[in-house]
1. If you take all C-alpha pairs in the range 5-86, what percent of them are over 14 Å apart?
2. By how many nm would the segment from Ala86 to Lys66 lengthen if fully extended, with 0.36 nm per residue of separation less the alpha-carbon distance?
3. Run the numbers for His4 and Ser53: contour at 0.36 nm per residue of separation, minus the present Cα-Cα distance, in nm.
4. May I ask you to derive the relative contact order of the range 5-86, considering only C-alpha pairs under 8 Å and at least 6 residues apart, and to give it as an integer percent?
5. For the peptides 58-66, 16-24, what is the packing order when you average, over each peptide's residues, the other Cβ atoms within 10 Å and list the highest mean first?
6. Place +1 on the Cβ of every Lys and Arg and -1 on the Cβ of every Asp and Glu in the chain, take the dipole about the Cα centre, and give the residue among Ile11, Val55, Ala82 whose Cα lies farthest towards its positive end.
7. Calculated from DSSP H runs of 4 or more alone, at -39500 (n - 2.57) each and per residue, what is the 222 nm mean residue ellipticity of the chain, nearest 500?
8. Calculate one ³J(HN,Hα) per residue across the range 47-62 by plugging θ = phi - 60° into the Karplus curve 6.51 cos²θ - 1.76 cosθ + 1.60, and present them in order as whole Hz with x for glycine and proline.
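Coordinate-derived values only; no laboratory data. Note that the structure is predicted; figures quoted are calculated from it, not measured. Reconstructed Cβ throughout: ideal geometry from the backbone, glycine too, with neighbour counts over all protein chains shown.
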Amino acid sequence: MANHKSAQKRIRSNDTKRESNRYHGKTVRNAIKAVRTNDNLEEVAKDLPGVISKVDKLAKKGVIHKNKAANLKSGLMKRVKASSKAE
């Protein structure tokens, strides 16, 4: 355990930030999964901008890497585009 007051505060703040990052990361993963598994194209088109915005926010905060964010967005767009061509 840390002995300095500032180190103890840093431990507490790191725990708080870690929990927040885990929550937001899991929320975005669930949103991505919902978009990927949804067959209704209108709902997907409506939800996609919000999901992309959430992914960008995670990358901006540093929760995920910016290249991972780009890959996630690219994969979602490919899937939506392919499903729109199929119909």
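1. For the range 5-86, the fraction of Cα-Cα distances above 14 Å is 66 percent.
2. Taking 0.36 nm per residue and subtracting the Cα distance, the gain is 4.2 nm.
3. 13.7 nm
4. In percent, rounded to a whole number, it is 29.
5. By packing density, highest mean first, the sequence is 58-66, 16-24.
6. Highest projection toward the positive end goes to Ile11.
7. For the chain, the value works out to -30500 deg cm²/dmol.
8. My calculation for the range 47-62 gives 7, 4, x, x, 5, 5, 4, 5, 5, 4, 5, 5, 5, 5, 6, x Hz in order.
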